1. Every residue in the range A:326-348 that is assigned to a loop (DSSP other than H, G, I, E, B) and either farther than 13 Å from A:Leu362 by Cα or in contact with a strand residue (DSSP E or B) (Cβ under 9 Å, 6 or more places away or on another chain) (or both), please.
2. Can you tell me which of A:Leu570, A:Leu594 is in a helix (DSSP H, G or I) and at pLDDT 65 or above?
3. Just to check your reading of the model, which residue among A:Ser41, A:Ser24 is among the hydroxyl-bearing types (Ser, Thr, Tyr), touching a residue at least 40 places away in the same chain (Cβ under 8 Å), in a helix (DSSP H, G or I) and not assigned by TED's automatic domain parsing to the domain that holds A:Val280?
4. How do the strands (runs of 3 or more DSSP E) wholly within the range B:66-147 filter down when requiring 2 or more residues that are without any contact (Cβ under 8 Å) to a residue 40 or more places away in the chain and under 14 Å from B:Val36 (Cα atoms): which remain?
5. Restricting attention to the range A:13-33, which residues are more than 10 Å from every other protein chain (Cβ to nearest Cβ) and not aromatic (Phe, Trp, Tyr)?
6. So, restricting to helices (runs of 4 or more DSSP H) that lie completely within the range A:405-518, which ones have at least 1 residues that are assigned by TED's automatic domain parsing to the domain that holds A:Tyr576 and farther than 22 Å from A:Thr593 by Cβ?
7. I'm trying to understand the selection: among the residues of the range B:239-269, which are within 14 Å of chain A (Cβ to nearest Cβ) and within 22 Å of B:Pro322 (Cβ to Cβ)?
8. So which of A:Ser282, A:Ser263, A:Ser252, A:Ser257 ends up being exposed (fewer than 14 other Cβ atoms within 10 Å of the Cβ), within 60 Å of the chain's Cα centre (by Cα) and more than 14 Å from chain B (Cβ to nearest Cβ)?
Amino acid sequence: MKRIRLRTLEDRFYVTFTLLFFISIVTMQIVSFRISIQTVSNNNAENNQILLSQLVSQINAYLGSIENLSRTLAQDPYSQEYLNTPDPSPELSRQLQERFSLALQARDDVSGILLARPDGNLIYGDPTTPLAPWANLYSRTWIQEALANPGRTVISPSYVQNLVENRYAWVVSLVQAVEVPNQDSPALLMVDMRFTRIQELSMALVNGEQGYPFILDQEGNYVFHPTLQLVYSGIKTEPLDKLRTFIPVLASKPPGSLESWVSGDQRYLLGRSNFSGWTVVSVSSEEELMADWQVAQVIFALIGLVVFLIIGWISNYLAQSITRPVHRLQEVMRSVETGEFTRAGVIEGTDEIRELAREYDLMVTRISELVTANAREQELKRKSDLKALQAQINPHFLYNTLDSIIWMGEMGQNIDLVKMTSALARLFRISISKGKELIALKDEVGHVVSYLTIQEMRYKKKFTYELDIPPSLERCQVLKITLQPLVENAIYHGVRDLDRPGTIHISARNDGESLILEVKDNGQGMNPDELRALGENLDQPLEEVWEEAPYGGSPSSGTGVRNVHQRIRLYFGETYGLTLESSEGDGTCMRATLPLLGMEEEL
Amino acid sequence: MGFISLLATLVLFWTLTIVIRPEREEVLNIGNPVIVVMKALAQPMDFWTVVGQGMEEASREFGVPILLTGPNREKEIDLQLRIFDSVLNQDPPLIILVASDYFRLEEPVGLANQKGIPIITMDSDVNSDVPLTFVGTDNVEAGKRGGYHMAELLAARGNPHGRVGIVSHNQETATGIDRETGVRTALAEEGVEIAGTWFAEVDQERAYQITLDLLADPSITGIIALNEVTTLGIAQAIREQNAQDRISAVGFDNAPQILTYLEQEILQATVVQQPYNMGYLAVRAAYYHLRGKEIPNQINTGSILITRENMFEREYQELLFPFAEMDE
């Protein structure tokens, strides 16, 4: 398996964050989803419990109020009189019936009131409806039960009351047997409560599409069921056998206790109305709850996804916010490789990165300062070298000249003496030339002419010189003391020891790009070895030349020439300098190439 | 990198949703409601009201929207034909039809079949193979139930062979035809002599008159009426003639008045249908069909023989007295 390598910081950040968050979100989601399910389930169950308890207490209260009515009627003086009189008068019967009738009108949830004497005479609440002659009151089991337990109120299951002809009313009857003095069997008081009230109360508990309640009596028979016909036809079934086992359990528990039982996806919640002994069963569908869960789950997943996306985006942003400045810093650093000291400047990022950038900037600034300082030092050194080189005027020449002047003085050659002394003075004036590096070609030529004047006087008739300087170039700027060493070389190594008259030709010309100064002699020239040695010498480091030709020593061949070459190069760069041409016996030509500089050009 | 992890996340969340998804029956998703074309729209507290209650219960339980339509009263065949026509244009997913005429609804039902609208017949069938199923009382069986009980009654009165007149409500209605067949089959089986069948054309007065004529014949020992109206007619005549001691009478249906006659022993028994179950099972069958389940081609909603003895048993009370209060 190929391992995914997380090379960059960004990838590591992103993947680590993402994984961590994903795991924590999923875990959190699962946990909170479970909790939510539990909560919803509990809420639902709690809700059902509350509803069921309410229904039970409503039924209790309801039946209680009917029982109160029943007791009131039983204690009523008219009722008492009616029962206690062996043969009640029609007047009494009428009055009692009126009272019952009033009670009926006062409570529209009561559909009938009946008081039956042990002898079979009876009073029915509604005088307008004759009792059906075929109706047998005593065939009902709850009547028998009431008669067997005088004083106790017996509550019937829901049934169709058929006492009145052509009227079939769904009722729940509260029956109590009333003891009558001097009678073997008790009298009977029955109050019929309309069953619709119980139905209405129960139907309020129909929750959701699948939830519904039903009521069982003490024997476990149906008092109410919303689809009883389907149940009796076997189209629907309730687990009655199981539910019946809860009836005694609930009866033994304190009032208000509830029992719960889950079968398949049906949850049965049972509560007992202690007053009636009925068991109220609330059926709710777990499946329906599951449907709600499913919705919740999708919502949870969506929320999780959204949170994850947001966090993913943030972590990506965070990772980039860390790595982006690093990348930028990296780019800036790379520029140093190319020699540019670019500063990072203000990089947006964390304090660490900003600090790093700042430190880097300090470092680069310092380096750049050092480099600049170094360059300046080099420049200074070069300048001092130049100065030193310029100062290197052969002292022998001075001694010799002075000796010549002394000699001339002794000899009384005043004219020559003046001429030489003034030439020497001019020579030095130009050499110094206010410390300037560059002087006009005219002055340089003047300088060399002064020199030649002195040498000409010293080496009488040994050589002649020619100047070929176009006036247009006279104002060109040249490095001072360029020509003199070349002429010196031409004299000492070219024409001095010649047995024929030597000529030194000094010329200047403009070759279009640069200024060419040429010193040509017709002296003995150099053999190729000498020329090569001199040519190689030209490029030898200055310091070595320096050491080779200290002030005191006699200038070795080419020292001055080399000096010129090095100076030109130091000042103008590598493209300039000297070139030599020579052949043995034919003389030497030294050519200095300088940049063309106008008058205005100054260092 | 970011894209891949995002994709992986989506897939993970998706699988998570799938994995925890609980198994649940799909909710039926139909655009239009199932239309029920009734023979007659419910009058307060009658047979059709109870059918409607059963339908509503099933509609609620299975989540099938239903829409009831039809003529206001029975025997308005032309009106029902027009209503059926307009219902076809509403493009319902299914039609539950209570045919007011066994033969005349045949062609419209064929038309519905051409349009691809499934039909379920309820209570009263149509002379057609098109309907998916017939949901209703097996009237032959119901007739037999009445016939056998009549035989028992006659035997109890010491005249097992007797002579029984049948008062039918209609010669063309399937219920009338089937019930008569059932009664005749049962009586023939038990060796009871059948005096004949008289048709009252869904008219109580006619049934009453027929019964008076029958009562004039001293050989008649039993009368069977085949629907509510005829039952009321024969009971009325028997009570007026005070003939209950000599005539055994068995009727059909459970109008409060019929039940009172039962209590008064003018009628000895009545065969009742189960309208609540009928409505419930018809809508349930529609639901099953729309869900793609197989349904049997006949769904018998059953009939019950009610006598004075069992009429107040808890089991039958809801059936006989479907409403909180029944005043005549």
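The values are calculated or read from the model by the stated rules, or taken from the named source; none is laboratory data. Since the model is a prediction, treat every value here as computed from it, not as a measurement. Here the Cβ is made from the backbone with ideal geometry for all residues, glycine too, and neighbour counts use every protein chain on show.
1. Those that are assigned to a loop (DSSP other than H, G, I, E, B) and either farther than 13 Å from A:Leu362 by Cα or in contact with a strand residue (DSSP E or B) (Cβ under 9 Å, 6 or more places away or on another chain) (or both): A:Thr338, A:Gly339, A:Glu340, A:Ile347, A:Glu348.
2. Working: A:Leu594 fails: in a helix (DSSP H, G or I).
Of A:Leu570, A:Leu594, the one residue that is in a helix (DSSP H, G or I) and at pLDDT 65 or above is A:Leu570.
3. Working: A:Ser24 fails: touching a residue at least 40 places away in the same chain (Cβ under 8 Å).
Every option except A:Ser41 fails the conditions.
4. B:66-69, B:119-122
5. A:Thr16, A:Leu20, A:Ile23, A:Ser24, A:Thr27, A:Met28, A:Val31, A:Ser32
6. A:414-432, A:441-458
7. B:Asn254, B:Ala255, B:Pro256, B:Gln257, B:Ile258, B:Leu259, B:Thr260, B:Tyr261, B:Leu262, B:Glu263, B:Gln264, B:Leu267
8. Details: A:Ser282 fails: exposed (fewer than 14 other Cβ atoms within 10 Å of the Cβ); A:Ser252 fails: within 60 Å of the chain's Cα centre (by Cα); A:Ser257 fails: exposed (fewer than 14 other Cβ atoms within 10 Å of the Cβ).
After applying the criteria, what remains is A:Ser263.
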